[in-house]
């Protein structure tokens, strides 16, 4: 099994698709902050590895 897989989420501000890596060494559920590379606004990323895929969502950081 690979130690990382890529997944994509849309930016909740500008809707640009962002490609990120899921690092399995950090556990099956991960949350982190990330700045959109297009609009530079901060977003919260929540990702979870399931049996067959990675479920992820990007939400606006609290203003």
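Coordinate-derived values only; no laboratory data. Every value quoted in this text rests on a predicted model; they were computed, and no experiment measured them. Virtual Cβ from ideal backbone geometry, glycine too; neighbours counted across all protein chains shown.
Of the beta bridges in the chain, as assigned by DSSP with both residues counted there, near 100 percent are antiparallel.
Counted residue by residue at 0.36 nm each, then reduced by the alpha carbon distance between them, the extension gain from residue 31 to residue 48 reaches 5.2 nm. Within the set [x] 21.0, 52; [y] 11.7, 39; [z] 24.1, 74, the number that Rg and Dmax of the Cα atoms in Å takes when calculated for this structure is listed as [y]. Which residues in the stretch 24-63 have a backbone N closer than 16 Å to a point placed 7 Å from the Cα of residue 3 along the Cα-to-Cβ line? The answer is 24-28, whose backbone nitrogens lie closer than 16 Å to the label point. Mean sequence separation of contacting Cα pairs (under 8 Å, at least six apart), scaled by the length of the stretch 4-60, corresponds to a relative contact order of 32 percent.
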